[in-house]
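Asks: Before we start, here is the structure in question, set down as C-alpha cells.
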Amino acid sequence: MTTILKDIIQPLFVVFGGIFALYQYQKQQKFKRLQNLSALWKTFLNDEKMLDLFNLLNLAENKDPQVIENIRNYDQKLKYKYLAMIEEVTLYVDTFEIDKPQAKYLFQWHFYFAYQSPDTVENFWSNLGGVEEMNASYWAKSRNLSKVFLPS
C-alpha cells in the first residue's frame, strides 16, 4: 500500500501542485501588466494639462471654432507627451501582451482623438507636421492600434 502512495499518489500531487503554481504565476504576471497600464492611466489623470487637452479633443465634436483653434494651437510639447503616452500603451499591448480589451477600455478615446476622429485629427496634428506626420512610419504602430480600438 505504501508503494502505491509513493509511486502513484505522490507524483499526482506534484503534477497538480505544478499546474496550480503555473496558474498562479500566470495570474500574477497578468496582474503586474495591468498594474503598469494602470500606472500609466494614473499619470494621465494626475496631469491637468493632459486632461485639458483631452477635454478639448472631446469638445471638438461640437465644432465650436474656439475649441478647434485651441486644439490647433495647443502646446506642441504637451501634444507630444500625449502621443508618448499612447505610444507607451501600444508598446504594452504589443510587447508585454497586455490584453487589448483592458487597454481599449482605458485608452480607446485617446487613440481615437489622435488618429481616427474626423473632428480632431487634422487640428491635433496641425502644429506637429500635419496629417503627413501622422501618417509617417514612426507612428504606424499606434495608428494601427487605433483602428482596433475604435469605439463601438
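The values are calculated or read from the model by the stated rules, or taken from the named source; none is laboratory data. What you see is a predicted model, and the numbers here were worked out from it, not measured in a lab. So basically every Cβ, Gly included, is an ideal-geometry build from the backbone, and we count neighbours across all protein chains shown.
Asks: Would you call LEU78 closer than 26 Å to SER137 by Cβ and in contact with a Lys or Arg (Cβ under 8 Å, 6 or more places away or on another chain)?
Replies: Taking the combined requirement at face value, the residue satisfies it.
Asks: For the range 91-145, which residues satisfy the criterion of being on the phi < 0 side of the Ramachandran plot and among the charged types (D, E, K, R)?
Replies: Selection gives ASP94, ASP99, LYS100, LYS104, ASP119, GLU122, GLU132, GLU133, LYS141, ARG143.
Asks: Next question. Looking only at the range 33-49, which residues are of a type outside the set (Phe, Trp, Tyr) and within 15 Å of the chain's Cα centre (by Cα)?
Replies: Hits for the range 33-49 are ARG33, LEU34, GLN35, ASN36, LEU37, SER38, ALA39, LEU40, LYS42, THR43, LEU45.
Asks: Okay, moving on. One residue is enough: does the range 90-104 have a residue meeting the conditions in contact (Cβ under 8 Å) with a residue 60 or more places away in the chain and outside any loop (DSSP other than H, G, I, E, B)? Walk me through it before giving the result.
Replies: Narrowing the range 90-104 to residues in contact (Cβ under 8 Å) with a residue 60 or more places away in the chain: 96-99, 102-103.
Still in the list and also outside any loop (DSSP other than H, G, I, E, B): 102-103.
So far as the range 90-104 goes, yes, one or more of its residues are in contact (Cβ under 8 Å) with a residue 60 or more places away in the chain and outside any loop (DSSP other than H, G, I, E, B).
Asks: Of the conditions (1) surrounded by fewer than 13 Cβ atoms within 10 Å (Cβ to Cβ); (2) of a type in the set (S, T, N, Q); (3) over 15 Å from the mean Cα position of the chain (by Cα), THR95 satisfies every one except a single condition; which number is it?
Replies: Exception for THR95: condition (3).
Asks: Okay, moving on. Only one of ASN73, ASN127 is farther than 25 Å from SER152 by Cα, in contact (Cβ under 8 Å) with a residue 24 or more places away in the chain, surrounded by 14 or more Cβ atoms within 10 Å (Cβ to Cβ) and out of contact with any strand residue (DSSP E or B) (no Cβ under 9 Å at 6 or more places or on another chain). Can you tell me which? Before the answer, list the steps.
Replies: Working: ASN73 fails: surrounded by 14 or more Cβ atoms within 10 Å (Cβ to Cβ).
Going through ASN73, ASN127 in turn, the sole match is ASN127.
Asks: Which of the residues spanning the range 99-123 are surrounded by fewer than 22 Cβ atoms within 10 Å (Cβ to Cβ) and within 26 Å of GLN26 (Cβ to Cβ)?
Replies: ASP99, LYS100, PRO101, GLN102, LYS104, TYR105, LEU106, GLN108
Asks: Something else now. Are any residues in the range 15-51 at pLDDT 75 or above and among the hydroxyl-bearing types (Ser, Thr, Tyr), and if so, which ones?
Replies: Result: SER38, THR43.
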